[in-house]
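A short reminder: the numbers here are calculations on the coordinates, not readings from a lab. It should be emphasised that the depicted structure is a prediction, and the values quoted were computed from it without experimental measurement. Positions of Cβ are generated from backbone atoms using ideal geometry, with glycine treated the same way; all protein chains shown enter the neighbour counts.
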Amino acid sequence: MKTNSKFTVLIILLLMPFLMLSQTGTLKGKVTDKKSNLAISYANISASQNGSIVSVANTNLTGDYAITGLLPGKYVISVNYLGYNNEIKNNVEIVANKTTVTNFSLTQKTVMLQEIAVLNEEHLPISKTELKKDRGSSSISPSVSKIDCINSVSTNYINDEEHNTESYDYINENGFKSPLNSALSTFSIDVDVASYTNVRRYLNSGTIPPKDAIRVEEMINYFKYDYYAPSEKPFSIYTELGNCPWNSKHKLALIGIQGKIIDMKNAPNSNLVFLIDVSGSMSSANKLPLLKSSLRLLVNQLTEKDKISIVVYAGSAGLVLNSTTCNNKEQIIDALDKLQAGGSTAGGEGIKLAYKIAKENFIKDGNNRIILATDGDFNVGVSSDSDMQHLIELNRKSGVYITVLGFGMGNYKDSKMEKIADNGNGNYAYIDNLLEAQKVLVNEIGGTLLTIAKDVKLQIEFNPENVQAYRLIGYENRLLNNEDFNNDQKDAGELGAGKTVTALYEIIPTGIKSDFDIGTVNTLKYQQKETTKTTNKNELFSVKIRYKLPQDSTSKLISDIVLAKQENTSKQSNNFNFASAVAQFGMLLRNSEYKGNSSYKSIYNLALNSKGQDIEGYRSEFLKLVKLAESIDNRQFVDQLEH
């Protein structure tokens, strides 16, 4: 009998997790706009008990959500979405083995227009009287667009309860250059995608983002493109030439890189250090609670051979979890769940400790990486952008890479986080909801965590016989001196497994009358003008790429040539058209002087016709953002007229 009793107890213990799971319930529902009844995508839903968040979820593209595995009991369910009033439902009862349906209809929030800087009235493009007159006659001065009028007053829409101290680095937009004076264009690749999701956050909150928050190359590279896979090298090069959609007199050249796809089952073992900001500024639902849910997704993707440490920082830095293998995922997740926000922000001390822990647990030939999750608001100790950059550079050669995940709004420090990623052999993403965390940390985990090539630099040489002028679209923060291309000591961007990188050049062909200043100089007295060799007269430009394998210190070189007649005159690819649509969108939002004939309608149609299969729905979401930006633009223009 005793043996039977022990056996029974053992069976019960083994079955307990399954019995507990079978005693949980599910919450699901739909979130819509109360006025229009349209679905709201990417809304945040949280289920709480006793003042603590138990679980979170996001609505999908059709506004539906589901939270599974909830223990029976009563919960407080809250929904928040930028630009809408939060809605809370108390005493929502979850019953074991049943589904509770709870729907939400959100009302739009009244926003306050805060004038940051106003130009003198005499400096406005047109007077208030002329604005009203134009509105009354339903016409606008040909020299003045709607977004021109909006930008004549620098504004920012913010919630009444928030004080906006967000910071972005100034972007001096690339202009046209003549190959007679500047034959070479040199830059580092950029696999950061934070700007796109941050722009999405602004648009979803009902405002056009600040110009310097819009990095066009990051918007383009948010999307995957269908470039052919590499064979022997870690990446392949794809080029395409066509007409420029926003200026019919110009050409557009696309240069694409496709990183080698690695099956995560065959990936090297990972030594990860989660460096988590738990300061007081991280207390809101879209910061630490979303951060913890996001990192849970990542933990569940890792194998038992991978290991994780957790370092946190607020007023000081500390080690919360020693390096723990992922066969103890419950222990890791429990350590995450216990984190709470409070105190000031000693980010520099946290970074120092994270590097120390990463080096102590270093895996030779493995993936050694810090994952910094923060809003970037460092205010204690090493905190300035330059000090932070120096700190990262000191640790760059350790073989430890860094991934930066940004969260939150209001005090968001984009400039600091971009510098940390760019100078620390890393990448940078902005997480505005759980679906974005799924994209970055699950769907594209190889590109986020596994570096297949480092210090990747591009150098393009333009042929003046066929190119009058050229302009690199975006990459302003990634430009290099021409001599840096052959300097293996010069840091550049890293390419993750399976990632695509896209760059666009707008080209003014030789013989075309230019509408832009192409930066010509007087004939040089002591230099002879080099003439193009006859054998190269059909070449438009040549592409050279330098890169290092992750374990190497010496670079390798590959090259390609684009011919002037390479253009596909019948039809451009979906790659070309969709990338150019995203580039146009970024330029239009920035009110770029190079936006040409770009319009929301032309962008929408071009993106719609080049959407392709779009299995995951990211391109469909882009179409929605274009429509949303157009409506915001129209609304703000009317506001300008009325005031």
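Below are the figures for this structure:
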| read-out | value |
| --- | --- |
| Inter-label distance, nm, simple model (7 Å from Cα along the C-beta direction), VAL95/GLN23 | 1.8 nm |
| At R0 = 41 Å, FRET efficiency that the Cβ-Cβ distance of ASP387 and LEU184 yields, to 0.05 | 0.80 |
| Least to most buried among LEU336, LEU628, LEU441 (fewest other Cβ within 10 Å first) | LEU628, LEU336, LEU441 |
| Label-point separation in nm, ASP226 to GLU330, each point 7 Å along Cα→Cβ | 4.6 nm |
| In sequence order, calculated HN-Hα J values of region 189-202 (Karplus, 6.51, -1.76, 1.60; Hz; x Gly/Pro) | 5, 9, 10, 5, 10, 4, 4, 5, 5, 5, 4, 4, 4, 4 |
| Phi to ³J(HN,Hα) by Karplus 6.51 cos²θ - 1.76 cosθ + 1.60 over region 312-320, Hz, x for Gly, Pro | 10, 8, 9, x, 8, 9, x, 8, 8 |
| FRET E, pair GLU483, LYS624, Förster distance 30 Å, beta-carbon r, rounded to 0.05 | 0.10 |
| Spacing of the two label points (7 Å from each Cα toward its C-beta) at ASP552 and ILE512, in nm | 3.7 nm |
| Distant-in-sequence amide H partners of ASP614 (H built 1.01 Å from N, under 5 Å) | none |
| Length gained when the stretch ASN605-ASN538 is fully extended (0.36 nm per residue, less Cα-Cα span) | 20.8 nm |
| Spin-label zone in region 397-429 - amide nitrogen under 19 Å from a point set 7 Å from the Cα of LEU297 along the C-beta vector | 403-409, 427-429 |
| Cα point-scatterer Debye curve for region 24-106, base-10 log of I(q)/I(0) at q = 0.10, 0.13, 0.14 Å⁻¹ | -0.21, -0.36, -0.41 |
| Proximal lysine pairs, region 24-106, alpha carbons under 25 Å, eight or more residues apart or interchain | 11 |
| For ASN243, distant residues with modelled amide H under 5 Å away | LEU252 |
| Exposure proxy ranking, count of Cβ atoms within 10 Å, fewest first, for ASP414, ASP484 | ASP484, ASP414 |
| Sequence of ASP422, ASP169 once ranked by neighbouring C-beta atoms within 10 Å, starting from the fewest | ASP169, ASP422 |
| Karplus (6.51, -1.76, 1.60) ³J(HN,Hα), θ = phi - 60°, over region 284-291, in Hz, Gly and Pro reported as x | 5, 4, 8, 10, 4, x, 5, 4 |
| Cut-off under 5 Å, modelled amide H: who pairs with VAL320 long-range | ILE310, VAL311, VAL312 |
| Which listed pairs, of LYS287/LYS329; LYS224/LYS457; LYS537/LYS571; LYS292/LYS611; LYS490/LYS601; LYS177/LYS525, have C-alpha distances above 31 Å, in listed order | LYS292/LYS611; LYS490/LYS601 |
